[in-house]
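Just so you know, all these numbers are worked out from the coordinates, no wet-lab data involved. The model shown is predicted, which means the values in this text are computed figures rather than measured ones. Cβ: placed from backbone, ideal geometry, glycine included. Neighbour counts: every protein chain shown.
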Amino acid sequence: MAEGFAITIVGAGVVGCALAMELAGAGEEVLVLEMNHGVSRGENQSTRNSGVIHAGLYYDQRTRPLKASLCVAGNRMLYRFCERFGVPALKTGKLVVATTGAEHAILETYARRAVENNVPAILIHGDRVREYEPRIKARAALLLPTSGIVDAAALLHKLYALASAAGARFVTETRVVGAKSRRDGIEVEVRYRDGARDRFLTGRLVNSAGLYCDEVARMVDPASPYHVDPLRGEAMKFYRTKRPELDVAVMNVYPTPTKTITDRGVYFTVGVHLTPTLDLDGRGDPILGPVVTVGPLNRQAAGKEDYGGEFRPSSEFHERVRGFFPGLEEEDLEPHQAGIQARLVGHADWVVELSPAESRCLNLLGIDSPGLTGALAIARKAREMMLGA
Ligand SMILES: Cc1cc2nc3c(=O)[nH]c(=O)nc-3n(C[C@H](O)[C@H](O)[C@H](O)COP(=O)(O)OP(=O)(O)OC[C@H]3O[C@@H](n4cnc5c(N)ncnc54)[C@H](O)[C@@H]3O)c2cc1C
């Protein structure tokens, strides 16, 4: 058996890297295992998302208390982090728009939730909406000044670089395929790219494996009840510079959220939205880029690696946004990317808990959206659970 490590983190997504930075910064010996070939280029949630810094509006304290608190805390931490370490980000603000009377009533409910969640929000009416976004048609909108956008790949890379500089060791192309409790630690089994296997002992294990979190949890505890129901989200894009009618989305523009009922349960969705992307000016400062993304249009993924294949027709994307953005033509849209979220069956909230069967294993389960926004706060909470506040 190979030499042991004090703490092993499975998964070098934004959460695993943020936690590695926290733990290594606190003087812990940390090993991060990642099955992808590189940290900021892999096919994981952290590199294939909308890049939105959420304000924390959507999550109610009763059914999604962790998302509610850690999104708001993570939002603040993320802006500070990006400012300090030069990760491109912009506090653009967001409009959640209502086009019907029924949606307006739903926005009023969300306005109350914003107060409960300590999220700055103002309900504004049609004329005011046009002051912010002249090409958006809405009866009303909830204005969220603390929402924004971040370069997710740059964030991931910076977290990785800081964790490495603090002493965390990263090993890529190495998949954790087994984990067994022993009296003197947890025995971790890995498989390298060439198929060779190895085993080593770790004092503590952190399961930050994104889409595979359920499988890693079951390695440690075969009775673990969690199952990931992978959710594929497709995004298209258009160029705001193509014609004047498309010069929109200086802010994030979202529809009123809805619930979808599937045979696996009732799921909340933020809806197909317009998201500006980032560019850099001549001095390297972040500015809005020419591309605006439109998505995600979600469907149950065929599997955890269902990134390829056909996109849904552009007419379906167009249909979702034309009510509030009439200037868009179907022909303006072209495919952008597909991402897959680690949605947990039957759990609306993230699950951050010590494995009931093995208290030396910390499980971070179902870290779907807004996990990019919440990553630094999730990592802080995980560190406190492991090392004490
Ligand atoms: C389409 C889409 C849009 C989104 N939009 C937003 C948004 O706008 N704002 C927001 O805040 N959040 C958003 N999210 C959510 C956000 O991207 C995720 O919550 C966040 O990236 C989760 O990070 P993570 O580190 O937990 O997981 P991941 O990024 O999935 O990382 C997990 C890592 O674990 C590795 N791994 C898994 N199993 C093993 C194993 N056995 N051995 C070794 N390595 C393993 C994987 O290769 C992967 O790199 C979106 C997600 C998607 C898919």
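For the range 189-219, filtering for residues that are crowded, with 16+ Cβ neighbours inside 10 Å and away from the ligand (no atom under 12 Å from the Cβ) leaves 4.
Look at T256 and say whether it is touching a residue at least 24 places away in the same chain (Cβ under 8 Å), of a type in the set (S, T, N, Q) and either buried (at least 22 other Cβ atoms within 10 Å of the Cβ) or touching a Lys or Arg at 6+ places or on another chain (Cβ under 9 Å) (or both). Considered against the rule, which asks whether it is touching a residue at least 24 places away in the same chain (Cβ under 8 Å), of a type in the set (S, T, N, Q) and either buried (at least 22 other Cβ atoms within 10 Å of the Cβ) or touching a Lys or Arg at 6+ places or on another chain (Cβ under 9 Å) (or both), T256 comes out as yes. Do we have any residue at all in the range 95-114 that's over 17 Å from T258 (Cβ atoms) and either in a loop (DSSP other than H, G, I, E, B) or among the β-branched types (V, I, T) (or both)? No, the range 95-114 contains no residue that is over 17 Å from T258 (Cβ atoms) and either in a loop (DSSP other than H, G, I, E, B) or among the β-branched types (V, I, T) (or both). Residues in the range 12-27 that are surrounded by 24 or more Cβ atoms within 10 Å (Cβ to Cβ) and in contact with a Gly (Cβ under 6 Å, 6 or more places away or on another chain): G13 only.
A quick yes/no check of all residues on (1) among the aromatic types (F, W, Y); (2) within 30 Å of Y110 (Cα to Cα):
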| residue | (1), (2) |
| --- | --- |
| H125 | no, yes |
| P134 | no, yes |
| G148 | no, yes |
| L156 | no, no |
| F170 | yes, no |
| E173 | no, no |
| S181 | no, no |
| G195 | no, no |
| L211 | no, yes |
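Taking the range 149-166 only, how many residues are within 14 Å of the ligand (Cβ to nearest atom) and not in a helix (DSSP H, G or I)? Within the range 149-166, residues that are within 14 Å of the ligand (Cβ to nearest atom) and not in a helix (DSSP H, G or I) number 3. Cβ-Cβ contacts under 6 Å between residues 6 or more apart (or on different chains), taken from a first residue in the range 364-383 that is touching a residue at least 60 places away in the same chain (Cβ under 8 Å) to a second residue that is in a helix (DSSP H, G or I) and of a type in the set (D, E, K, R), are listed as A379/E22; R383/E22.
Restricted to the range 39-65, and to residues there that are within 12 Å of the ligand (Cβ to nearest atom) and in a helix (DSSP H, G or I), the residue that is surrounded by the most Cβ atoms within 10 Å (Cβ to Cβ) is S46.
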